[in-house]
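Take a look at the structure below.
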Amino acid sequence: MSILAIHGGTPARKQPLPPNYPGAMLFGEEERAASERIIQAQSPFRYYGANPQHTVLQLENAMRDKLGVPYALGVTSGTAALIVALRAVGVGAGDKVIVPANTFLATATAVICCNAVPVFADIDRSLNIDPLALEAAMDEEVKAIIAVPILGTPCDMDPIMAFGRKHGIAVIEDVAQSCGVVYRGRYQGTIGDAGAFSFQMNKVITAGEGGAVVMKRADYFERAVRYHDQGSLRERTRYGFDSPDELGAFAGQNYRMSELTGSVMLEQWSKLDTITQSMRKHHKQIRAALSSRHEGLEFRYSPDESGDLGSNLGLILPDAAEAERFSYALQAENINSFVLYGGQPVYKQPQIWHQRTIERDNFPFSYPFKKPVVYRDGLCPTAENLIPRTVFVPISPLLTDEDADEIAAGIGKVAEWLSVRSG
Ligand SMILES: *Cc1c(COP(=O)(O)O)cnc(C)c1O
């Protein structure tokens, strides 16, 4: 057995891995030239200007083409995308929305910002929402489900869609972390009633900030476009909506995407396949090497391995202390890894746990729900158990085959030490 770097051995890698910003690390001449064109045209606004370049429109069309959906809308962030999607499908005051216990804070806070409250469903060994846990979170006040493919692994959408249809509630896919992830031959984001994308810097492709919503239904999409643009509907003919504006106008937000974002995102969008191909290849390579040599190692489950983005390798350790040791030893091998969200389900975040909003009476938590909304220890036991003992190793699109071999060797070395140590 080779000596661990934490015990004075030679690290599996000489150099640290590239920073974990897949799209941003591939910024280059294309993004520079694209954003420069907007500056030169002096037209950073999508709808008019001295010489508009229509890059947000082009991004929307590129997304529609690739994803195979009729409607796409650029917005300012993933959070904005979620809020627009929730509003579009009709979620509002006094509603509940099922949210997975393992997700980023924004999935839950977007619901609250729509004056609805999140109710949490437990996860399974995919670290995503467990379709069998939906029933326990369901009651007549629930109006939608948000499925979140965490860190590149698809959700098991077939039973989730069946559940949504059975109860007549909307299904929204929060694909913020998993742009390009596929479930049974279909891109996630296009399976449910709405898909919300984020282009913030930690995501697969990025312009620093940004987001998008995709949809299939025209009536939902009209509400989405209006909500993101002060309730008005420009370019009516583009969408084939012929109702006079006065009839459909309502009070909305401004979540419009800038042309500076659009121009960069258009270039990033065209790099998506290159990024995912590279990540998938090295994810497979590392997994294959580890599976053949370390039978005891448990990988995060995927309901569709061929559709997995490969952006992160998830390893389920025996307990939280082992996960911490694993991560610490791996760091010394020059391989970075992390445990998600402080090892806690999203309902343990203070603003959720204490049900605190910006409203005077903490609305919507003060709404007289028929079935009260309670967050407590043990609410989602599998999430509380699995999140703190799952270690994620990011797979950069910049890895070489040799990097991937070294990552596998480093993980293998640490795994072997842990299994010997625990007898
Ligand atoms: C990042 C993220 C969001 C929010 O996206 P922003 O662009 O940062 O607003 C929402 N949901 C999930 C799962 C995310 O990871």
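The values are calculated or read from the model by the stated rules, or taken from the named source; none is laboratory data. Given the structure is predicted, the values throughout are model-derived calculations rather than measurements. All Cβ positions, even for glycine, are placed from backbone atoms using ideal geometry, and neighbour counts span all protein chains on display.
Test residue 39 against the criterion of being at pLDDT 95 or above, surrounded by fewer than 14 Cβ atoms within 10 Å (Cβ to Cβ) and hydrophobic (A, V, I, L, M, F, W, C), and give yes or no.
Criteria met by residue 39.
Out of all the residues in the stretch 222-258, which are under 17 Å from residue 59 (Cβ atoms), part of a helix (DSSP H, G or I) and modelled with pLDDT under 95?
238, 239
Output the number of residues of the stretch 374-395 satisfying the condition of being surrounded by fewer than 16 Cβ atoms within 10 Å (Cβ to Cβ) and in a loop (DSSP other than H, G, I, E, B).
Final tally of qualifying residues: 4.
Is at least one residue of the stretch 349-360 basic (Lys, Arg) and assigned to a loop (DSSP other than H, G, I, E, B)? Give the steps one after another, and end with the answer.
So in the stretch 349-360, the residues basic (Lys, Arg) come out as 356, 360.
From what's left, assigned to a loop (DSSP other than H, G, I, E, B): 356, 360.
Yes, the stretch 349-360 contains at least one residue that is basic (Lys, Arg) and assigned to a loop (DSSP other than H, G, I, E, B).
Report whether or not residue 190 is away from the ligand (no atom under 12 Å from the Cβ) and farther than 14 Å from residue 75 by Cβ.
yes
Check off (1) under 22 Å from residue 210 (Cα atoms); (2) without any contact (Cβ under 8 Å) to a residue 12 or more places away in the chain for residue 176 and give me the number that stays unchecked.
Of the numbered conditions (1) under 22 Å from residue 210 (Cα atoms); (2) without any contact (Cβ under 8 Å) to a residue 12 or more places away in the chain, the odd one out for residue 176 is (2).
If you take the residues in the stretch 193-220 that are buried (at least 23 other Cβ atoms within 10 Å of the Cβ) and of a type outside the set (A, V, I, L, M), which one is nearest to the ligand (Cβ to nearest atom)?
Within the stretch 193-220, the match that is nearest to the ligand (Cβ to nearest atom) is 198.
Quick one: what pairs do we get from the stretch 147-160, first residue assigned to a helix (DSSP H, G or I), second of a type in the set (D, E, K, R) and within 12 Å of the ligand (Cβ to nearest atom), C-beta under 8 Å, 6+ apart or different chains?
157/173
Got at least one residue in the stretch 197-218 being in a loop (DSSP other than H, G, I, E, B), at pLDDT 95 or above, in contact with a strand residue (DSSP E or B) (Cβ under 9 Å, 6 or more places away or on another chain) and hydroxyl-bearing (Ser, Thr, Tyr)?
Yes: one or more hits.
Suppose we keep only residues that are surrounded by fewer than 24 Cβ atoms within 10 Å (Cβ to Cβ) and away from the ligand (no atom under 16 Å from the Cβ) within the stretch 90-115. Which one would you say is nearest to residue 354 (Cα to Cα)?
Among those residues, the one meeting the criterion is 115.
May I ask you to say which residue of 407, 335 is outside any loop (DSSP other than H, G, I, E, B) and buried (at least 18 other Cβ atoms within 10 Å of the Cβ)? Explain how you work it out, then say what you get.
On the way: 335 fails: outside any loop (DSSP other than H, G, I, E, B).
Exactly one residue qualifies, and that residue is 407.
Which one of 176, 144, 81 is within 16 Å of the ligand (Cβ to nearest atom), buried (at least 23 other Cβ atoms within 10 Å of the Cβ) and in a strand (DSSP E or B)?
Being within 16 Å of the ligand (Cβ to nearest atom), buried (at least 23 other Cβ atoms within 10 Å of the Cβ) and in a strand (DSSP E or B) holds for just one of 176, 144, 81, which is 144.
Just the residues that are within 11 Å of the ligand (Cβ to nearest atom), touching an Asp or Glu at 6+ places or on another chain (Cβ under 8 Å) and of a type in the set (Val, Ile, Thr), please, taken from the stretch 147-171.
Across the stretch 147-171, the qualifying residue is only 148.
How do the pairs read when you match residues in the stretch 348-371 that are more than 22 Å from residue 143 (Cβ to Cβ) with residues anywhere that are surrounded by fewer than 16 Cβ atoms within 10 Å (Cβ to Cβ) and of a type in the set (A, V, I, L, M, F, W, C), using Cβ under 6 Å and keeping only pairs 6 or more apart or on different chains?
349/105
In the stretch 135-176, what residues are more than 23 Å from residue 302 (Cβ to Cβ) and in contact with a Leu (Cβ under 8 Å, 6 or more places away or on another chain)?
Matches in the stretch 135-176: 144 only.
Does residue 45 satisfy being modelled with pLDDT of 95 or more, surrounded by 13 or more Cβ atoms within 10 Å (Cβ to Cβ) and within 28 Å of residue 224 (Cα to Cα)?
Yes, satisfied.
Can you confirm whether the stretch 234-250 contains a residue that is at positive phi and not acidic (Asp, Glu)? Lay out the reasoning, then the answer.
Here is the first cut: in the stretch 234-250, the residues at positive phi are 235, 240.
Now narrow it down to the ones that are not acidic (Asp, Glu): 240.
Yes: the stretch 234-250 contains one or more residues that are at positive phi and not acidic (Asp, Glu).
For the stretch 372-403, how many residues are within 25 Å of residue 123 (Cβ to Cβ) and either of a type in the set (Ser, Thr, Tyr) or in contact (Cβ under 8 Å) with a residue 24 or more places away in the chain (or both)?
18
Taking the condition within 13 Å of the ligand (Cβ to nearest atom), under 24 Å from residue 349 (Cβ atoms) and at pLDDT 95 or above, does residue 181 pass?
Numbers: within 13 Å of the ligand (Cβ to nearest atom): yes; under 24 Å from residue 349 (Cβ atoms): no; at pLDDT 95 or above: yes.
So residue 181 does not fit the description; no.
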